[in-house]
Structures are given as structure tokens and as C-alpha cells.
1. So, of the residues in the range 13-37 that are under 10 Å from the mean Cα position of the chain (by Cα) and aliphatic (A, V, I, L, M), which turns out to be nearest to residue 1 (Cα to Cα)?
2. Would you mention how many residues in the range 2-50 are open to solvent by less than 60 Å² (accessible area, probe 1.4 Å) and outside any strand (DSSP E or B)?
3. Search the range 59-74 for residues being over 22 Å from residue 21 (Cα atoms) and at pLDDT below 90, and hand back the single one that is surrounded by the most Cβ atoms within 10 Å (Cβ to Cβ).
4. Can we say residue 53 is at pLDDT below 95, closer than 30 Å to residue 1 by Cα, of a type in the set (Ser, Thr, Tyr) and part of a loop (DSSP other than H, G, I, E, B)?
5. Looking at 79, 92, which one is of a type outside the set (Gly, Ala, Ser), modelled with pLDDT of 95 or more and outside any loop (DSSP other than H, G, I, E, B)?
Amino acid sequence: MAPEPVLLETIKSLTFYKDEMTAARRTSPIPQLTCIGKACALYQPDAVQCVNTGGTGVDINWKCEADLPAALRFGRISVGCEGWSRSGDPYVLKGSCGLEYRLIQVPNQFNANTDHDNSSSWTSFKGPPLSLASLTDRVLIERAFQ
């Protein structure tokens, strides 16, 4: 199938999978999920879903969810997609988005329960509006959670 450009603001949701690579046309593929930091050795989700909650162009607001143990939460997350023609292009290559994230230990939770409860529900993370930044030839959207 031929590569397709997609207007970023029309993407309703993105689902990222551990051990899967992104599509690439102008750049090299990257992992769909990249965990950064010490807490990554404790646990990494198999999937993360981000839902478009509004925005225009490349300034999109995303709400991301993952099945995480009670002792962990997302820290900073960055969604990056390959711009179709250039960095910052509002059209992106279909399948090119990846998520870079940090996990943060919740104080007093980690020692109390180190087992992951498979029956736990998806956890939502809300924070300040997204800001746009550029990283090589990918549209990069960052969000810090406090």
C-alpha cells in the first residue's frame, strides 16, 4: 500500500504498542513506545492510547491512557509524527507517530503493592495544554504532568 498523508488534527486517536515500529518515508522508523528513566525498569505498558481532544494544525491536545500499576503514573510525554513534506507539516505520514514517555513512582504506593493488578482500569492523565516543538523531521508534541 502506498504511503498516505493524514491531516494531524483529523486523527481521532492513536494507539501505540510496545515492541512495534512506526512507519517512515523521509526519516527512519522509530519505536512506537519509548520509555525514559529509572522507573522503566519496573514496568512498561504494552499499549498506550491517546485521544485527540481538540486543536488545529499541529497544536493538538491529547488525552493519553494506559493500564498502569497504582504505584506508577505518566510524567512527561511526547507524541511525534513524521511531517509529510517537512518538519511542522500539519499533514503527517499515516502510521508514523510514536510516543516517548517517563514513568514516575507515586510516593508510598510502590512499596505497598509491587504487583501489577491486571484488573485495574485505564488511568487518565490530564494536564496543561500541549506545546509544539520540533525534533529533526518529526512533529513533536510535548506535555508535562504534575
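1. Selected residue: 14.
2. Number satisfying all stated conditions: 13.
3. Of the residues in the range 59-74, the ones over 22 Å from residue 21 (Cα atoms) are 59-61, 69-73.
Those still in the list that are at pLDDT below 90 too: 59-61.
Numbers: 59: 16, 60: 23, 61: 17.
It comes out as 60.
4. No: the conditions fail for residue 53.
5. Working: 79 fails: modelled with pLDDT of 95 or more.
Result: 92 is the single residue among 79, 92 that is of a type outside the set (Gly, Ala, Ser), modelled with pLDDT of 95 or more and outside any loop (DSSP other than H, G, I, E, B).
The values are calculated or read from the model by the stated rules, or taken from the named source; none is laboratory data. This structure is a prediction, so every number in the text was calculated from the model and none was measured. Don't worry about glycine lacking a Cβ; one is built from the backbone with ideal geometry, like all the others, and counts go over all protein chains shown. Accessible surface areas use protein heavy atoms only, side chains included; no ligands, DNA or RNA. Shrake-Rupley method; radii C 1.70, N 1.55, O 1.52, S 1.80 Å.
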